[in-house]
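S.K.: The following block contains the structure, expressed as structure tokens.
All of the numbers you see were taken from the coordinates with simple rules; none came from a lab. No experiment lies behind these values; they were computed from the predicted model shown. We place every Cβ from the backbone using ideal geometry, glycine too, and count neighbours over all the protein chains shown.
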Amino acid sequence: MDTTLMLSGLVVGLIFGFVLQRGRFCMNSAFRDIIVMKEYTLLKAVALAIIVQMIGFHLMATMGYIQLNPKPLYWGAMIFGGFIFGIGMVLAAGCASGTTYRVGEGMMGSFVALLGLMIGGLITSGGALAWLDSDLKSGTFKVITTGDLGVDPGPLLKEGNTSLTLANVFGLDPWIFVVIIAIVILAVLIWKRGGEETKLEGTLYEKVLKMGWNWWVTGIAIGIVGIIAFLAFKSYALGISGGWFGFLNALIFGDPEKLNWFTFLVIGVVVGAAIAAVIAGEFKLRAPDAKRLLQQFIGGLIMGIGAVIGTACNIGHILSGIPQLALSSILGGAFIILGCWVTAYIMFMRG
Amino acid sequence: MSSKEKPTEVLDVRGEVCPYPDVKTQKKLKGMKSGEILEVLIDYPLSAERIPRSIEKQGHKVLKVEKKGTSEWSILIKIK
């Protein structure tokens, strides 16, 4: 890997980590809180980040700065991998990005979950569970491409990418979907505004560096970081799990070639979150009891397995894939949310 | 702190992970009587901001959120 690319991953990661910590941006909380606490604050941030990126990606692609690179539609793998990823993130008490930024806050439970995630990923990509991954991507479950449906991939996709998107499956201009989705989500956000804001009182310095950000600040900031990531890396926008898999792979095999752009990104996220937490007076080494640590480790392990089978974590699918209108990410994302809800219901809402 | 704000009960959820601080606070509130005061000791930033928000929506009164130290807060809640 060339140094410029490594450095760009690190810098984007630093900013991403800072924003994640200040915005307390965690998709596990975002989706789980809807059903467990009727809380919509983080969900609003996620929705806003998605539309900022959707508009940004399509604008950059139309102007020729990037080419969209949606993931292939392995439908069986997206359903299964997404669903168990959703189960895992509730047990781990954080999604891939939430877990990563909380390591930077000094939360040992998240560190343990991260170890689980890396191990889970490795045994699925090349170890004991590799059979499951390949079974779920072949035969009945083989990939569905634009060629299978006899449609054109469309003008904005990377050369040779035959993944299905909302736009190319109908043979329509992607901007039709971008505009409609953006208007609908913005309308809902404006209609349902109020009530979720944290009442912030203080100087600008305190608002930015000492207190948690309001959801709309977080949403816009995450969206912009995603656009910067796509411009920097060119092949994709943000992702978390793949970076950690590369990290453990490089460590085990002593091979720096196994490090990838996302590895530098996630290292940047931990450091960026740690800087934000130290400034805010929120950095503290802490650990829950042993039972909870074990629960978080198992959760991480399941997330790792799910991320490899489903080909991405919540960030790769929901934050980066859905804005590219990828059917794979829409399906994977939907099942991540479903897995999260079923598990949250069983763990927190019965009795 | 005036005597009026003296907590009836204290709930220590320091060290707990998402969303246990919220879930345990809710459970504790259900077992308390109107007018009583609960103090929640917490070290998880997300919940320290989310608990006051959700508590107020339910009609309880958040008397005070005080930052006690590095990633440590005390939340005083008066039961409705």
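S.K.: Express in whole angstrom the spacing between the alpha-carbon centres of segment A:105-181 and segment A:10-70.
M.R.: Here the answer is 18 Å between Cα centres.
S.K.: Loop-only check: which trypsin sites (Lys or Arg not before Pro) in segment A:1-81 are DSSP coil with at most 12 other Cβ within 10 angstrom?
M.R.: Counting only loop positions with at most 12 other Cβ atoms within 10 Å, the trypsin sites (Lys or Arg not before Pro) in segment A:1-81 are A:LYS38.
S.K.: Moving to a separate point now. Run down the aspartates and glutamates and flag those whose C-alpha is under 17 Å from the C-alpha of A:LYS71, throwing out any fewer than 8 positions away in its chain.
M.R.: Within the straight-line limit of under 17 Å, A:LYS71 reaches these aspartates and glutamates: A:ASP133, A:ASP148, A:ASP152, A:GLU159.
S.K.: Quick one: what do you get for chain A if you divide its Cα Rg by 2.2 N^0.38 Å?
M.R.: 0.94
S.K.: Residue by residue through B:45-53, how many Cβ atoms from other chains fall within 10 Å of the Cβ on average?
M.R.: 6
S.K.: At most 16 other Cβ atoms within 10 Å and a DSSP loop assignment: could you name the trypsin sites (Lys or Arg not before Pro) in segment A:169-255 that fit?
M.R.: A:LYS192, A:ARG193, A:LYS199, A:LYS210, A:LYS234
S.K.: How far is it, in nm, from the label point at A:GLU206 to the one at A:THR140 when both lie 7 Å from their Cα along the line to the Cβ?
M.R.: Roughly 6.1 nm, to one decimal.
S.K.: Using 0.36 nm times the number of residues separating A:PHE253 and A:TYR345, minus their current alpha carbon distance, what extension gain do you get?
M.R.: That pair, A:PHE253 and A:TYR345, stretches by 29.1 nm at full extension.
S.K.: Same structure, new question: Please say if segment A:220-308 is rounded, prolate or oblate, where rounded means a/c under 1.5 for a ≥ b ≥ c the square roots of the C-alpha gyration tensor eigenvalues, and otherwise the choice is prolate for a/b larger than b/c and oblate otherwise?
M.R.: Oblate shape, in that a/c is at least 1.5 and b/c is the bigger or equal ratio.
S.K.: Using the Kyte-Doolittle scale, which helices in chain A average at least 0.5 and also have C-alpha atoms spread 24 Å or more along the helix axis, with helices defined as whole DSSP H runs?
M.R.: Qualifying helices, which must be both long enough and hydrophobic enough, are A:3-23, A:41-62, A:75-92, A:108-125, A:174-191, A:215-233, A:261-280, A:290-309, A:327-344.
S.K.: Pick from A:ILE322, A:ILE337, A:ILE34: which residue has the top mean-square fluctuation in a GNM of chain A where Cα pairs under 10 Å get a spring?
M.R.: Looking only at A:ILE322, A:ILE337, A:ILE34, the biggest GNM fluctuation is shown by A:ILE34.
S.K.: Moving on to the next point. In this model, which of A:LYS158/A:LYS234; A:LYS284/B:LYS27; A:LYS44/A:LYS192; A:LYS44/B:LYS78 are farther than 19 Å apart at the alpha-carbon?
M.R.: Going by Cα-Cα distance, A:LYS284/B:LYS27; A:LYS44/B:LYS78 fall outside the 19 Å limit.
S.K.: Once label points are set 7 Å from the Cα along Cα→Cβ at both A:VAL11 and A:LEU294, what is their separation, rounded to one decimal in nm?
M.R.: Here the answer is 4.7 nm between the modelled labels.
S.K.: Ok, one more. Any of A:LYS38/B:LYS24; A:LYS38/B:LYS30; A:LYS207/B:LYS6; B:LYS28/B:LYS57 with alpha carbons more than 27 Å apart? Name them for me.
M.R.: Among A:LYS38/B:LYS24; A:LYS38/B:LYS30; A:LYS207/B:LYS6; B:LYS28/B:LYS57, the Cα-Cα distance tops 27 Å for A:LYS207/B:LYS6.
S.K.: So what's the net charge close to A:GLU282: Lys and Arg +1, Asp and Glu -1, counting the other residues with Cβ under 12 Å from its Cβ?
M.R.: Local charge sum for A:GLU282: +3.
S.K.: Over chain A, what is the relative contact order in whole percent, taking alpha-carbon pairs under 8 Å and six or more residues apart?
M.R.: Normalised by residue count, the contact order of chain A is 42 percent.
S.K.: Separate question: What is the average number of partner chain Cβ atoms found within 10 Å of a Cβ in A:236-247?
M.R.: Per residue, the number of nearby Cβ atoms from other chains is 0 on average.
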